[in-house]
Amino acid sequence: MQKLQLSVPVVATPNGTLVHPAHFLLVGVPGLGPSIHFWLAFPLCFMYALATLGNLAIVLIIRVERRLHEPMYLFLAMLSTIDLVLSSVTMPKMAILFLRGIQEIEFNVCLAQMFLIHALSAMESAVLLAMAFDRFVAICHPLRHASVLTGSVVVKIGIAALTRGFVFFFPLPFILKRLSYCRTHTVTHSFCLHQDIMKLSCSDTTVNVVYGLFIILSVMGVDSLFIGFSYILILRAVLRLSSQGAALKAFNTCISHLCAVLVFYVPLIGLSVVHRLGGPTSLLHVVMANVYLLLPPVVNPIVYGAKTKEIRLRVTHMCSRGCR
């Protein structure tokens, strides 16, 4: 594995006031040697293959099966598409880092990866909120479900999620470009995050800190509050059902979504908290960032495949045909 370089070429902007590195250096997992990094690449590649096949299978099954063209499954297809792109943005570069020790990532490429990671995460948060709303209407107002969540409404929600993720996070690369980077150029993760790049600057980062906190609270923070409120109403409606069997059946339709919400939000909240506490990036930061980005694309298709009868039967049918 290539050893960490101590010096990185820098590029001054035309007016000579800003200094940008030609590239950043990715560390991977701090404290682990080249041999351990090498062996970590194999489970990482397995996770990427699992995430790609699982999410692609869900998208194709929902596309082919017309009876699955319902709001719950259409939102699931959106979620799988986002996870598919997110895993492709992060995992291949990580695998190259671990396998071949290529630590360099070009400055603008790093900013592009950072934007995609944060924007896709915001889109995933919006889709999880839409899925919570779908479960709320289906359980609390079942007779109005078909009239409230029509096909056009689902499309509009998808476009709104895409637009919001793009608009809110589009300024991030530009407010990072306005900074000078005259300290170390080593990014202590396996990918580029706004918080991590910001810490490498020797300029005033007040704008970055304030805007970063604003979008986290106004996007993921608001989404999580509405998801929590939706489940309070769902739980209240379920507890009012006279039959215990009906209550369990109604709440069972939410289990997959609850797992997806916990897998997404618990690492996100933990990562935000440890970054806000300040101090140098530690192994805890890195582990939580990896869990936050790598776990949902792998876990979501497994959970939904296991809990959704229609998808499970279709996958079983495809596997049985493939074995013949």
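The values are calculated or read from the model by the stated rules, or taken from the named source; none is laboratory data. Predicted, not measured: the structure shown is a model, and the values here were computed from it. Side chains are part of the model used for accessible areas, which takes the heavy atoms of the whole protein and leaves out ligands, DNA and RNA. Shrake-Rupley method; radii C 1.70, N 1.55, O 1.52, S 1.80 Å.
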To the nearest 10 Å², what's D83's accessible area with a 1.4 Å probe?
0 Å²
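Count of lysine pairs in the chain with Cα atoms under 24 Å apart, counting only pairs 8 or more residues apart in sequence or on different chains?
7
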What would the Debye formula give as log10 I(q)/I(0) at q = 0.06, 0.11, 0.14, 0.15 Å⁻¹ for the alpha-carbon point model of the chain, no solvent?
-0.24, -0.76, -1.12, -1.24
Ignoring ligands, DNA and RNA, how do Y48, Y181, Y231 rank by accessible area with a 1.4 Å probe, largest first?
Y48, Y231, Y181
Can you give the helix-only mean residue ellipticity at 222 nm for the chain, where every DSSP H stretch with n ≥ 4 adds -39500 (n - 2.57) and the sum goes over all residues, rounded to the nearest 500 deg cm²/dmol?
-23500 deg cm²/dmol
Mind checking the per residue accessible area of region 21-323 for me, 1.4 Å probe, whole number of Å²?
47 Å²
Tell me the accessible surface of R164 in square angstrom (1.4 angstrom probe, heavy atoms of protein chains only), to the nearest ten.
50 Å²
Taking 8 Å as the Cα distance limit and 6 or more residues as the minimum spacing, I'd like the relative contact order of region 56-139 as a percentage.
38 percent
